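Peer 1: Handing you a structure now.
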Amino acid sequence: MAVLQIGQRVDGYLVQSLIKANLYTETYRVEDSSHQPFFMKVYIMKQVPQKLVNPTTGVVLEIEYSQKIKSRNVVSLVSFGTIEAEQSLCQYYTTTYFTGELLAEKIYREQRLSEAEAVEIFVGILEGLQSMHQQGLYHNDITPRNIMLSATAGSAEIIDLGHTSPKCSGSAPFDTSDLEVFYSANETFAGIYDERSDIFAATAVFYTMLTGRVPWRVFFGDGANFVRRAMLVKAERKQEPINFNSLNIDERLKVILAKGLALNFAERYHSVEQLLLDLDYKSFVGEAQSEEAQPSKSESKPSAPTKSDKSSSNSYTPQKEDGYSQNDPNRVNFEIKTGGGNGFKDIAGMAELKSYLEQRVLFVLRNKEKAEQYRVTIPNGMLLYGPPGCGKTFISEKFAEESQFNFVLVKSSDLASSFVHGGQEKIGKLFKVAEAHAPIVICFDEFDALVPDRSSRAAEYSSGEVNEFLTQLNNCSKRGIFVIGTTNRPDKIDPAVLRTGRMDKQVYVPLPDLEARREMFKIHLADRPCSDDIDAQRLAELTEGFIASDIAYVVNDAAMVSAYTDRLICQQTLESTISSTHPSLRPDAMKVYEQIRQKMEGIERSNMAKPKIGYRV
């Protein structure tokens, strides 16, 4: 029976769900008063082995060690304390909540990582170990399952400090039965754990990233204990040494693997600093980026695709023939996606919205001759507005695929310039290059930041940029350009941008309806290890008010918990995650967006009145 109950408060934290448990610890997901999630590890003291407790202070050693480690590459302790639960004295500590994926999941999905990506992750692991070693502590359990590719830290993050200890020789002060022997150095089987054994484990993980397999693979029989597994792995290593020269990788990496995985610890790297010096991360990644950026001799300027072209993405920097040089500080760089894709088929639900776009926009763009026959004005662009996280930018890309136009996504930072009126110049160049790649859809993300209302004080320095946008938007359809602006705050856009002949259509993108949420769950759960009991319809019913990003978060969080406990993703885990996840948009925020919607529909031209577009709720 769990010592903490769902909904119980522990020193300011609200218990959300039990993640995993063993004989003497339980790990929970909790949240603080601001709904920020954390992990809470609880030790049931009467069951904790004495060797895991500091005899002087009476504090669990893992908690004491966690207080000493300060590194962006090691899971961070947030708080700790003592509680009474189920008539038992317990110690606990909380850590930052992992947001990302386990390295084991990434390797399983991709098999092999690129050299540059593997090196970057390897450096993150080494820097985390370096900070631990500086405190006289050793992790002793570096494996792909204990490395989080963390969205919060922005790099590899070492997790699970359950086997952390000072240097030891002869007898490990922790339970070794659950250690992964494939990543354990030979000397650890004799109870020797230090800096070099951590280096061996980290290098073994690096080998797995580069090759998609563990350094020495042995198949154990059922019921093989730690001693038996260790004996078999040692025998395999002795009989089948790795031929590093046979690996299809950079020569420098072969040298590092050979020295980091040396079975004789005296021949291995003695310190992380020594390994990092040999790795020379900055120059290695710099060379890799340089090679990727080097164009081939046959590379030429991309052109507009035909219907038969396959989808591709071209990183395009305008050339001299576009009117300015490569050294121009105001040149524009962006990705052009050409042709292909599934179009509206990739959009879950939203039947009414797709029907509206098909009838009112796409039909005219595809049938210009008929539009001319009926003297229908070809639209220049449309504004997609509504709450954040509802897929406005994604819809824009799928709109381009459906129309078989090229597509370019532009963010406000792409048009920023340190020069006076430099942004204005960039806007003009962007439209000039887009015209050379017509037919094309230009999607401006966060459009309100690019064309703010010039009457506001905040926009007094951007009036030149807004004027340039107005000029370029005028009848841009005649140049084969269709503009889509996406925004959460259309009320902050300059009114002149929204008049007829510029952004002709204004479409509200609301929260996902039941059908959309059901399809989103199916999409996000596809290609993941799931049990047979998952009911997408039930999950959709439980997530009313959730936006697309909320649903993606629920699935990813449930997948992470399942991976952490080595189980299939099941209905219960998903429902538990849903119950502990708050929708990003609260009711008071939705009232604001509904007011904005009413205001925008009041602005809509009377001769172009349109029905409300969105999900049926």
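Peer 1: Restricting attention to the stretch 22-76, report how many residues are touching a residue at least 24 places away in the same chain (Cβ under 8 Å), open to solvent by 10 Å² or more (accessible area, probe 1.4 Å), under 26 Å from residue 134 (Cβ atoms) and among the hydroxyl-bearing types (Ser, Thr, Tyr).
Peer 2: So the count comes out to 2.
Peer 1: Output the strands (runs of 3 or more DSSP E) that fall wholly within the stretch 2-78 and possess 1 or more residues being in contact with a Lys or Arg (Cβ under 9 Å, 6 or more places away or on another chain), under 14 Å from residue 92 (Cα atoms) and among the aromatic types (Phe, Trp, Tyr), or say none.
Peer 2: Passing ranges, in order: 25-31, 37-44.
Peer 1: Shifting gears a bit: Within the stretch 368-419, restricting attention to residues that are outside any helix (DSSP H, G or I), hydroxyl-bearing (Ser, Thr, Tyr) and touching a helix residue (DSSP H, G or I) at 6+ places or on another chain (Cβ under 9 Å), which residue is surrounded by the fewest Cβ atoms within 10 Å (Cβ to Cβ)?
Peer 2: By that ranking, first place goes to 377.
The rows are residues; the columns are (1) out of contact with any Gly (no Cβ under 6 Å at 6 or more places or on another chain); (2) at pLDDT below 90; (3) of a type in the set (D, E, K, R); (4) under 18 Å from residue 18 (Cα atoms).
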site: 538; (1), (2), (3), (4): yes, no, yes, no
site: 543; (1), (2), (3), (4): yes, no, no, no
site: 580; (1), (2), (3), (4): yes, yes, no, yes
site: 588; (1), (2), (3), (4): yes, yes, yes, no
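Peer 1: When you go through (1) over 26 Å from residue 572 (Cβ atoms); (2) under 29 Å from the mean Cα position of the chain (by Cα) one by one for residue 516, which number turns out not to apply?
Peer 2: Result: residue 516 fails condition (1) only.
Peer 1: Out of all the residues in the stretch 146-156, which are in a loop (DSSP other than H, G, I, E, B) and at pLDDT 85 or above?
Peer 2: None; the set is empty.
Peer 1: While we're here: Can you run down the residue pairs with Cβ atoms below 7 Å, 6 or more apart or on separate chains, where the first is in the stretch 212-227 and under 15 Å from residue 201 (Cα atoms) and the partner is open to solvent by 90 Å² or more (accessible area, probe 1.4 Å)?
Peer 2: That search, which allows pairs on different chains as well, returns 216/240.
Peer 1: If you check residue 92 against the conditions, is it surrounded by fewer than 20 Cβ atoms within 10 Å (Cβ to Cβ) and not polar (S, T, N, Q)?
Peer 2: It is false that residue 92 is surrounded by fewer than 20 Cβ atoms within 10 Å (Cβ to Cβ) and not polar (S, T, N, Q).
Peer 1: Next up: Do we have any residue at all in the stretch 128-137 that's closer than 30 Å to residue 269 by Cα, crowded, with 21+ Cβ neighbours inside 10 Å, without any contact (Cβ under 8 Å) to a residue 60 or more places away in the chain and not acidic (Asp, Glu)?
Peer 2: yes
Peer 1: I've got another one for you. Among the numbered conditions (1) touching an Asp or Glu at 6+ places or on another chain (Cβ under 9 Å); (2) part of a helix (DSSP H, G or I); (3) closer than 26 Å to residue 27 by Cα; (4) among the aliphatic types (A, V, I, L, M), tell me where residue 83 comes up short.
Peer 2: Just one mismatch for residue 83, condition (2).
Peer 1: On to the next question. Would you confirm whether any residue within the stretch 110-121 is modelled with pLDDT under 95, hydrophobic (A, V, I, L, M, F, W, C) and touching a Phe, Trp or Tyr at 6+ places or on another chain (Cβ under 7 Å)?
Peer 2: yes
Peer 1: Just need a number here: residues in the stretch 504-536 that are hydrophobic (A, V, I, L, M, F, W, C), touching a Pro at 6+ places or on another chain (Cβ under 8 Å) and more than 14 Å from residue 353 (Cβ to Cβ).
Peer 2: 1
Peer 1: Kindly indicate the residue of the stretch 401-419 that is under 24 Å from the mean Cα position of the chain (by Cα) and of a type in the set (A, V, I, L, M, F, W, C) and also nearest to residue 440 (Cα to Cα) among those meeting that condition.
Peer 2: Out of the qualifying residues, it is 407.
Peer 1: Residue pairs, Cβ under 7 Å, 6 or more apart or interchain, first in the stretch 109-121 and in contact (Cβ under 8 Å) with a residue 12 or more places away in the chain and of a type outside the set (D, E, K, R), second in a loop (DSSP other than H, G, I, E, B) and surrounded by fewer than 16 Cβ atoms within 10 Å (Cβ to Cβ). List them.
Peer 2: 111/212
Peer 1: Just checking, does the stretch 539-549 include any residue being touching a Leu at 6+ places or on another chain (Cβ under 9 Å), of a type outside the set (S, T, N, Q) and at positive phi?
Peer 2: Within the stretch 539-549 (the criterion being touching a Leu at 6+ places or on another chain (Cβ under 9 Å), of a type outside the set (S, T, N, Q) and at positive phi), the answer is yes, since at least one residue qualifies.
Peer 1: Can you tell me how many residues in the stretch 524-552 are buried (at least 16 other Cβ atoms within 10 Å of the Cβ) and under 22 Å from the mean Cα position of the chain (by Cα)?
Peer 2: 11
Peer 1: Still on this structure, I have one more. Within the stretch 93-116, how many residues are part of a helix (DSSP H, G or I) and of a type in the set (Val, Ile, Thr)?
Peer 2: Residues in the stretch 93-116 being part of a helix (DSSP H, G or I) and of a type in the set (Val, Ile, Thr): 1 in total.
Peer 1: Can you tell me which residues in the stretch 97-128 are of a type in the set (S, T, N, Q) and more than 17 Å from residue 155 (Cβ to Cβ)?
Peer 2: Result: 111, single match.
Peer 1: Restricting to the stretch 553-593, and then to whatever is part of a helix (DSSP H, G or I) and of a type in the set (Val, Ile, Thr), can you tell me which residue is most open to solvent (accessible area, probe 1.4 Å)?
Peer 2: 592
The values are calculated or read from the model by the stated rules, or taken from the named source; none is laboratory data. Just so you know, these numbers come straight off a predicted model, no measurement behind them. Cβ: placed from backbone, ideal geometry, glycine included. Neighbour counts: every protein chain shown. These accessible areas exclude ligands, DNA and RNA; they are computed on the full protein's heavy atoms, side chains included. Shrake-Rupley method; radii C 1.70, N 1.55, O 1.52, S 1.80 Å.
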